[in-house]
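Structure first, then comments.
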Amino acid sequence: MKKNGRDIKPIVWTGSTVELIDQTKLPNSLETVTLTDSNQVISAIKNLKVRGAPAIGIAGACAVALAAQKIQKETVKNQPIDNNSHSLTKLEIFRQKLTSISNQIRQSRPTAINLDWAVTRMMFIMHQSDSINTTVLKLNDEASQIIKEDITANLSLSHHGSALIEKNSAVLTHCNAGALATAGHGTALGIIKSAWASGKNISVFITETRPVLQGARLTSWELSQTDIPYTLIVDSAAASLMYSGEISCVVVGADRITANGDIANKIGTYGLAIAARANNIPFYVAAPLSTIDLSINSGDKIPIEHRPAAEVTSLLGYSSALTGLTVQNMAFDITPNHLVSAVITELGIIRQPYNLNLEAMVNS
Ligand code: MRU
């Protein structure tokens, strides 16, 4: 019997370690890495061992908890912690150090707001706690809580979103917004799995997602754990398949949704949205509320991560372009809200006008 996506546990927080499925090794081998230090987690986020907006938020929360444990140990060993800081209490010094490491964690990837959201949530707990020991314990619990809430949110948004997927439809998805990109089940791919589980006889088109191939490597691997039929296409085939009527709708995830409903997501998403609109195909965006950033009113203010040229100039370890040429490797793009048919969250489905409806849902 095939497994369902809920069996995939990309991040396990044990209270003293973070166990990650190393996503750079998929689909060829399923390997986990055990991280015990916040710097290791920062590297794992930067190197895409863990990736996907909710997943990097969760990894970031675990990194804050690990950093707190380390600073706590140093506090016991070294009396005082910092010779220049006699006027500060141990708790204040602990908080200063943890805030500084948390800022490094926060900055490890800039586009997905979930990372900033999760670290801010951990910092809030730190400021609420009145001793170092209590802070460490509460941060451990908070990391577990964030994981639990993410799975619950994904199941809920997948339930809402599956209502939008018609029977016998062919759904196109981009990048990987599945269990691997979250604590479990997934967002866009979660909707596809839930629609399938509800008895809708659907099929999936997966875009390769150049240059890092999250679609070819990760989404296809996740769907291979299910009975859902899927077909891999090169990114540039999507518009043509929409024109020929082979695609019923597009469902993607998001890295950040601004107050007006603009969407940051994997590079290529904007092109898919334009092609979907040109062919009268619904274009849906699935994300938990933790991806909504009401502090920014439009997508042009979202920082877009630029990644190393080598991701574009080599394929599977082989050089695929001249060495030394100029490369622009934007990892994300912005899809303007007018191309988005609906945003699907754990609280339900939001449509235009997004500038009113997103805020109302976040504050409900
Ligand atoms: O660079 P990545 O792989 O982290 O990019 C991931 C995406 O763009 C996903 O679509 C997005 O984070 C949503 S994941 C639920």
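The values are calculated or read from the model by the stated rules, or taken from the named source; none is laboratory data. Owing to the predicted nature of the structure, the values given are computational and were not obtained by experimental measurement. Backbone-built Cβ (ideal geometry, glycine too); neighbour counts: all protein chains shown.
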Return the only residue of D116, D130, D141 being outside the structural domain of T345 (by TED's automatic domain parsing) and within 16 Å of the ligand (Cβ to nearest atom). D116
Given the conditions (1) at pLDDT below 95; (2) surrounded by 21 or more Cβ atoms within 10 Å (Cβ to Cβ); (3) of a type in the set (G, A, S), every one holds for S87 apart from (2)
Being closer than 23 Å to S162 by Cα, in contact with a Gly (Cβ under 8 Å, 6 or more places away or on another chain) and crowded, with 16+ Cβ neighbours inside 10 Å narrows it down to one residue among S290, S341; which is it? S290
Within segment 161-172, does at least one residue satisfy the condition of being more than 27 Å from G268 (Cβ to Cβ) and away from the ligand (no atom under 16 Å from the Cβ)? yes
Residue count, segment 191-218, condition in contact with a His (Cβ under 9 Å, 6 or more places away or on another chain) and within 15 Å of the ligand (Cβ to nearest atom), comes to 8
What are the residue pairs meeting all of these: first residue in segment 226-242, first residue under 16 Å from N176 (Cβ atoms) and in contact (Cβ under 8 Å) with a residue 24 or more places away in the chain, second residue part of a helix (DSSP H, G or I) and among the aromatic types (F, W, Y), Cβ atoms under 8 Å, and 6 or more apart or on different chains? T226/W196; I228/W196
Given the conditions (1) in a loop (DSSP other than H, G, I, E, B); (2) under 19 Å from the mean Cα position of the chain (by Cα), every one holds for G245 apart from (2)
Modelled with pLDDT of 95 or more and within 13 Å of the ligand (Cβ to nearest atom): does that describe V340? no
Quick check on I281: is it within 19 Å of G161 (Cα to Cα), more than 15 Å from the ligand (Cβ to nearest atom) and in the same structural domain as A331 (by TED's automatic domain parsing)? yes
Is one or more of the residues making up segment 103-110 without any contact (Cβ under 8 Å) to a residue 24 or more places away in the chain, part of a helix (DSSP H, G or I) and in the same structural domain as L48 (by TED's automatic domain parsing)? yes
Checking Q23 against (1) at pLDDT 95 or above; (2) more than 19 Å from W117 (Cα to Cα); (3) surrounded by fewer than 23 Cβ atoms within 10 Å (Cβ to Cβ); (4) not hydrophobic (A, V, I, L, M, F, W, C), the condition it does not meet: (3)
So E311 clears everything in (1) free of Cβ contacts under 8 Å to residues at least 40 places away in the same chain; (2) out of contact with any helix residue (DSSP H, G or I) (no Cβ under 9 Å at 6 or more places or on another chain) except one condition, right? Which one? (1)
Residue that is nearest to the ligand (Cβ to nearest atom), among those in segment 44-70 that are in contact (Cβ under 8 Å) with a residue 60 or more places away in the chain and β-branched (V, I, T): I45
Taking the condition within 12 Å of the ligand (Cβ to nearest atom) and either within 15 Å of A287 (Cβ to Cβ) or in the same structural domain as N114 (by TED's automatic domain parsing) (or both), does G178 pass? yes
Only one residue in I334, I274, I349, I344 is touching a residue at least 60 places away in the same chain (Cβ under 8 Å) and either assigned to a loop (DSSP other than H, G, I, E, B) or touching an Asp or Glu at 6+ places or on another chain (Cβ under 8 Å) (or both), so which one is that? I334
Among the residues of segment 248-272, count how many are under 21 Å from the mean Cα position of the chain (by Cα) and away from the ligand (no atom under 13 Å from the Cβ). 6
The condition of being part of a helix (DSSP H, G or I) and under 30 Å from K148 (Cβ atoms) holds, among S240, S290, S236, S295, only for S290
Considering only residues of segment 158-191 that are of a type in the set (S, T, N, Q) and surrounded by 24 or more Cβ atoms within 10 Å (Cβ to Cβ), which is nearest to S236 (Cα to Cα)? T173
